[in-house]
Amino acid sequence: MNIILMGPPGAGKGTQAKKLVEEYGLYQISTGDLFRKALKEKTKFGVIASYFIQFGHLVPDEYTVEMVREFLKENIDSFKNGFILDGFPRTIIQARELESIAKEFGFDIDAVINIDVPSEKLIKRLSGRRTCKDCGTTYHVVFNPPKTEGVCDKCGGELYQRPDESEEAVQVRLDTYEKQTRPLIDYYTMKGELTNVNGDQSMDAVYADIKKNLEAK
Ligand code: AP5
């Protein structure tokens with residue numbers, strides 16, 4: 001199955017994608033992670049993306065689509081169990097481009113899941129998030145703390161707070177979501193493809209709802 005996982009910043013897309021990867025062997029394609037990796041490696045996409053990410057803006061569509069297209073082209077053979085698009089598409093233009101990429105590479109999108117969380121909860125989730133420098137596992141200081149403060153349970157790596165988690169950047173990310181990404185909910189609803197999942201419950205309960213929806217498909 002190929003799945004689009006949508007939702008505002010901090011909705012739990014990454015958290016739920018990792019659970020789907022573990023249970024179903026799907027491949028997680030997170031554009032945020034791809035940009036952060038490119039940034040670390042100082043590739044073309046990293047240099048372009050650094051300014052936009054730091055201040056909480058979307059990276060322009062042309063570069064984002066080009067990066068996704070290149071990534072899919074190079075890795076398409078690894079997706080035998082299917083993939084989860086985490087954080088892509090984020091604009092109507094990206095959604096349309098994804099449709100042409102799907103035609104070109106011969107795959108379908110089987111489910112579009114939107115994780116719905118009230119905006120007042122998102123700031124709390126983002127400000128408490130900690131991410132492992134080595135394996136990328138995410139935690140939350142209150143909702144999902146690691147066993148030892150500052151240390152990843154899985155690999156022992158150091159936990160850090162992302163630079164785009166400053167109060168100002170988070171506010172820009174939430175505003176950007178409202179203006180540029182929320183319209184995608186209507187886009188996929190009109191196409192009859194969208195499933196809404198209540199993200200304002202425990203991580204396990206959110207996962208159970210996602211699973212139920214995917215298994216019904
Ligand atoms: P990206 O990395 O995709 O960030 P995001 O969409 O803002 O999403 P997050 O990773 O912040 O949140 P999430 O929904 O994955 O939540 P998580 O599971 O971590 O993008 C970063 C930047 O890259 C963008 O701002 C943009 O600049 C650029 N970019 C990326 N894609 C792009 C695109 N397509 N086009 C243009 N630019 C692009 O959970 C958050 C926290 O909450 C964690 O601490 C977690 O433990 C906790 N949590 C999760 N679920 C629950 C729950 N049910 N209850 C309580 N706590 C929970």
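The values are calculated or read from the model by the stated rules, or taken from the named source; none is laboratory data. Note that the structure is predicted; figures quoted are calculated from it, not measured. Note: ideal-geometry Cβ built from the backbone for every residue, glycine included; neighbour counts use all protein chains shown.
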Tell me which of these Thr176 doesn't satisfy, since it passes every other one: (1) more than 21 Å from Asp204 (Cα to Cα); (2) within 14 Å of the ligand (Cβ to nearest atom); (3) free of Cβ contacts under 8 Å to residues at least 60 places away in the same chain. (3)
Restricted to the stretch 72-102, and to residues that are more than 10 Å from the ligand (Cβ to nearest atom) and of a type in the set (Ser, Thr, Tyr), which residue is nearest to the chain's Cα centre (by Cα)? Ser78
Asp108 versus (1) within 30 Å of Val142 (Cβ to Cβ); (2) in a loop (DSSP other than H, G, I, E, B); (3) of a type in the set (D, E, K, R); (4) over 16 Å from the mean Cα position of the chain (by Cα): which is the lone unmet condition? (1)
Report, by residue number, each residue of the stretch 186-217 that is more than 16 Å from Asp110 (Cα to Cα) and surrounded by fewer than 17 Cβ atoms within 10 Å (Cβ to Cβ). Asp186, Asn198, Asp200, Gln201, Ser202, Met203, Asp204, Ala205, Ala208
Considering the stretch 135-158 alone, what residues qualify as being touching a residue at least 24 places away in the same chain (Cβ under 8 Å) and under 16 Å from Gly14 (Cα atoms)? Gly136, Thr137, Thr138, Phe143, Asn144
List the number of the failed condition for Ile185; all other conditions in (1) more than 11 Å from the ligand (Cβ to nearest atom); (2) of a type outside the set (S, T, N, Q); (3) not in a helix (DSSP H, G or I) hold. (3)
Name the residue that is farthest from the ligand (Cβ to nearest atom), counting only residues in the stretch 16-65 that are within 18 Å of Tyr177 (Cα to Cα), of a type in the set (A, V, I, L, M, F, W, C) and touching a residue at least 60 places away in the same chain (Cβ under 8 Å). Phe55
Please go through the stretch 148-204 and give me each residue that is over 21 Å from Ser127 (Cβ atoms) and in contact with a Phe, Trp or Tyr (Cβ under 7 Å, 6 or more places away or on another chain), ordered by number. Leu194
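Filter the stretch 175-212 down to residues that are under 19 Å from Gln94 (Cβ atoms) and under 18 Å from the mean Cα position of the chain (by Cα), then give me how many there are. Even if it seems obvious, please write down each step before you answer.
Quick first cut of the stretch 175-212, residues under 19 Å from Gln94 (Cβ atoms) only: 175-191, 193-194.
If we keep only those that are under 18 Å from the mean Cα position of the chain (by Cα) too, we end up with 175-185, 188, 194.
Count: 13.
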With respect to Thr195, is the statement that it is over 17 Å from Pro9 (Cβ atoms) and touching a Lys or Arg at 6+ places or on another chain (Cβ under 9 Å) true? yes
Restricted to the stretch 107-141, and to residues that are small (Gly, Ala, Ser) and modelled with pLDDT under 95, which residue is farthest from the ligand (Cβ to nearest atom)? Ser119
